[in-house]
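A short write-up of the structure that comes next.
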Amino acid sequence: MPRLDDDRLRQLAASYHTPLYVFDEQTIRDKCRALKAAITYKDTTIRYACKALTLQAILAIMREEGMWIDASSVNEVHRALRAGFAPEEIYYTGEGSTPSVYRFLVDSGVPINCTSLDQLRLLGAIAPGQACSIRVNPGRGHGENDRTNTGGPGSKHGIYHDRIEEARAIAGSFGLRIVGIHSHIGSGSRPEDWRVWNAINQTVLAIARGFGPDLEFVNLGGGLPVPYRPGEAPMDIVAWGRALSRSMADFSADLGRPVRLFVEPGRFLVAESGVLLAEIQSLKSTSAEGGARGYDYAIVNTGLNHNIRPAMYGSYHDIRFVPRDGAQRGAGKDYVVAGYLCESGDVFTTDECGRLAPRPFPELRVGDLMVMANTGAYSHAMKNEYNSMNLPASVLVDPSGQARIIERRGTLDDIMRRELEVYNPARAIAT
Ligand code: LLP
């Protein structure tokens, strides 16, 4: 986010306190426009996978940019409806499904993507004759690691590619019409992996071809990478869009009619729009002992509760420190940057296997501002209140540089609200 220089970040931290999520509106708009421009295949609509960052202000930007929505829960559907999306612009792909959720989706006209044979049976029982799509696991996936790979025998997601005939038979027995084939094969790979993405999706297109006359759309999912490491080249979105458009043109020509294309990226649209601001609360060190080395730690007032990606996936997020006083600092050393939680794994600088990986920084002091980059996707969205820590506020910087709060800080009352509604401690002590 180059538009937010050190002075601006210092000001934001001073005005809104830390920890703080900051999002840059122009970056989101630029990414939406770049993606739209890259796909030249005419019948294309981009759905924003809103699980990546679900705030209303962000959904409003997506809507203005002409994005539709991919939702993974009924509450995501409600949040999209509240942001003004029409039901038919939302698409529900949930591994979880209940009769009441499906009833609600059918009644409100939100398209349903069935991710298992049992979901097809559920939908068939509730709404025989309904049109729907199925999520296919094409037998191969890609992703940053096993935990974000959603294709292949090791993935729970979708209907396995060799069960498609069974899916068709179940749909047929309820009169369900399969009008779309969906696949999402993984998330967060290396920027050059888009060729793998395209290659695997050829299998999905081959499966879709088998649905002949009923087929209205294919949805090839999300999973477009962004560069997280300094110096990493971004994905060649133009080459990707060209190759994708070509395969869709061939596919439509084979079927003798245009078939609508959906893609549903989350990370690509928002990851680079966000930074997480925090400050150093203490500096400490351990000594080499018993054959183990010692470390220098910078402890910041945030943790895996506000960005769980390093602890959960061994993900890399670039971190820099802005001196509080704005003065130049001298040579420093290698630090482990760790969070403030009572949890040993609450460390931001690890390698892919979760081992401590100190990084070089200039001299650090208590009070210095930490700027963690690329936290727009799956940081705010996966936050939690562990250790009863308050959730950070979120600020959106508009294209003119004006900042506004789009979500206030959490409070103790937020943390306790649901238990206080059912449990009155005063009464418990009296009885
Ligand atoms: N479509 C479906 C059905 C998905 O499950 C996902 C992500 C997406 C689209 C969007 O994928 P994206 O374009 O953002 O890569 N929490 C993770 C990765 C798991 C994402 C789950 N599904 C992370 O922090 O990297």
Counting only backbone N atoms under 14 Å from a point 7 Å out along Cα-to-Cβ of VAL106, the residues of segment 123-141 in range are 123-133
Which of LYS333/LYS383; LYS284/LYS383; LYS156/LYS383; LYS156/LYS333; LYS36/LYS333; LYS31/LYS383 exceed 32 Å between C-alpha atoms? The answer is LYS156/LYS333; LYS36/LYS333
Any residue on another chain or 5+ positions along whose placed amide H is under 5 Å from the amide H of THR44 is listed here as LEU261
Expressed in angstrom and ordered largest first, the alpha-carbon extents of segment 21-271 along the principal axes are 54, 38, 35
Taking the chain and counting helices only, DSSP H stretches of n ≥ 4 at -39,500 (n - 2.57) each over all residues, the nearest-500 ellipticity at 222 nm comes to -9500 deg cm²/dmol
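Heavy-atom accessible area per residue, the chain, 1.4 Å probe: how many Å²?
43 Å²
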Taking alpha-carbon centroids only, segment 63-94 lies from segment 305-377 a number of Å equal to 34 Å
Out of ALA71, ALA288, ALA208, a Gaussian network model of the chain with alpha-carbon springs under 10 Å gives the largest mean-square fluctuation to ALA288
Percent relative contact order for the chain, counting Cα pairs under 8 Å at least six residues apart, stands at 18 percent
Heavy-atom accessible area of the chain with neighbours in place, 1.4 angstrom probe: carbon+sulfur share in percent works out to 50 percent
Checking rank on 57-69, 195-207, with mean other Cβ inside 10 Å and highest first, the result is 57-69, 195-207
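Can you give the % of DSSP beta bridges in the chain that are antiparallel, to the nearest 5?
So the antiparallel bridges in the chain amount to around 45 percent.
The values are calculated or read from the model by the stated rules, or taken from the named source; none is laboratory data. Given the structure is predicted, the values throughout are model-derived calculations rather than measurements. With ideal geometry, Cβ positions are generated from the backbone for all residues, glycine too; neighbour counts draw on all protein chains shown. Quick note on the areas: whole protein, heavy atoms, side chains included, nothing else; ligands and nucleic acids left out. Shrake-Rupley method; radii C 1.70, N 1.55, O 1.52, S 1.80 Å.
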